[in-house]
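Reading through the structure tokens given below for one structure.
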Amino acid sequence: MLIENIKIKNFRNIRELSICFDEKMNVISGENAQGKTNIIEALWLFCGAKSFRGAKDSSFVRFGEKKGVTEIDFFSGGIEHSAKMIFEEKRKAELDGKNLKTTGDLAGVLSAVVFSPLDISLASGGPDKRRRFLDTSIGQLYPKYIELLRNYMRAVMQRNKIIKEYKYDPSVSIMLDVFESEIAENGGRIIDYRKKFTEKLNNYLPEIFSGLSSGKEKISSLYVANCEGTMLSAKLKEKRREDSFLGFTSVGPHRDDIDFLINGVSARNYGSQGQKRSVAISLKLSALSVIYEISGEYPVCLLDDVMSELDENRQKYILNHVREWQTFITCCDPSNAQRLSGGKVFTVRDGGIF
């Protein structure tokens, strides 16, 4: 994967800019709130994923404007592509001049992994953060997984509506049979995808985490399914009455999690802020390696304000680890940026490049 350039117009605080990137290291420096992260976010959205900042589509358009546009030229699979994204009430995407049905159709065309300070929630936050990490990573490798996940969640939402009536009218069990069958079939496949991806993560995670901690700490991880895929159909029926009072579906991969243990102790419950940050970084770097292992291509690495929170040894480890990837790093101190990379350095001020 290689992003050659980007053009942005009326996206976030950026009125208009055009950048040609280095094929390896790109450092985007500038003070806070000037637009550094907005450039990283604009690049990330071309993976077909949602904003890593949790933003709604309508928030992407520059204040006072009706429409925003971003465009990139990139190489994927040895083929040059162009992609365009239009931001209005909803996002629209084009690939090589053709309209796509959804922006999710870009998944698998351009692969990237992004890390931002918010990603510490991968170790400290709720299980939804970790599930989203898995789903986004898997979706880039297997675009059909996104449709599988979408169909699964649609069936769960339908069951959630019907299950509330079950305690008053057991005859709705006929409809429950239909949606539970779909949940069980798709849910089992989702669990299988996630377990296999987690197993591959574990081929890289311990070594990377050990490198970040200078060999002082060890990490282990495990995908935790609240119900195995083969048992999901029976469990859904067993849980009908309980779920009718809860008002939602209590079993299935939408309730699963990943456990991380540092030296045998729960990172989420007992890890320090530094340890949790290292867990998050290790996960993202491991995902880069898994994507490369399966696809045979280096994904793009997006590091948003990561270096400022790390000591020099951890900075060096990360930079050494991503040297084969095209990498984008944001930071506040330009002199620090020069020390970090031999690639291109861009200075951002008030949404412009200087």
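Every number in this text was worked out from the coordinates using simple rules, so none of it is lab data. Since we're looking at a predicted model, the values are computed, not measured. A quick note on method: Cβ atoms are made from the backbone with ideal geometry, for glycine too, and the neighbour counts reach across all protein chains shown.
The table for this structure:
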quantity	calculated
Rg/Rg_globular for the chain, with Rg_globular taken as 2.2 N^0.38 Å and Rg from C-alpha atoms	1.06
Charge tally in the Cβ shell below 12 Å around Pro299, where Lys, Arg are +1 and Asp, Glu are -1, Pro299 excluded	-2
Förster-model FRET efficiency, 25 Å R0, Glu228 and Lys167, C-beta, rounded to 0.05	0.40
Loop-resident sites, region 229-299, for chymotrypsin sites (Phe, Trp or Tyr not before Pro), counting at most 16 other Cβ within 10 Å (DSSP)	Phe248
Under 30 Å between alpha carbons - lysine pairs in region 80-196 that sit 8 or more apart or on different chains	28
Spin-label proximity, Arg241 to region 134-172 - amide N less than 16 Å from point 7 Å beyond Cα toward beta carbon	164-172
C-alpha long axis of helix 173-201 to longest principal axis of the chain, angle in °	40
C-alpha long axis of helix 312-321 to longest principal axis of the chain, angle in °	80
Euclidean distance of C-alpha centroids, region 65-83 and region 151-229, integer Å	33
Within the chain, percent of DSSP bridges classed antiparallel, to nearest 5	70
Karplus-derived HN-Hα couplings along region 210-218 (A = 6.51, B = -1.76, C = 1.60, θ = phi - 60°), whole Hz, x at Gly and Pro	5, x, 5, 9, 6, x, 8, 9, 10
Those residues of region 29-58 whose amide nitrogen sits under 18 Å from the label point placed on Arg349, 7 Å along Cα→Cβ	29-37
Tilt relative to the chain, helix 127-141 - C-alpha long axis, 0 to 90 degrees, to 10	70
Under 13 Å, Cβ to Cβ, from Asn10 - net charge with Lys/Arg +1 and Asp/Glu -1	+3
Residue of Ser272, Ser220, Ser121 that the Gaussian network model of the chain assigns the largest fluctuation, springs spanning Cα pairs under 10 Å	Ser272
Extension gain (nm, one decimal) between Leu95 and Asp22, 0.36 nm per residue minus Cα-Cα	24.0 nm
Under 5 Å, built H, 5+ apart or other chain: amide partners of Gly252	Asn226, Cys227
Ellipticity estimate at 222 nm from DSSP helix runs (n ≥ 4, -39,500 (n - 2.57)) divided over the chain, nearest 500	-13000 deg cm²/dmol
Region 70-106: GluC sites (Glu not before Pro) in DSSP loop, at most 15 other beta carbons within 10 Å	Glu88, Glu89
5 angstrom amide H check on Glu4, placed H, neighbours 5+ away	Asp73, Phe74, Phe75
Ranked packing of 99-112, 273-286, most packed first, by mean Cβ within 10 Å	273-286, 99-112
Neighbour cut-off at most 16 other Cβ (10 Å), DSSP loop, chymotrypsin sites (Phe, Trp or Tyr not before Pro), region 154-231	Tyr168
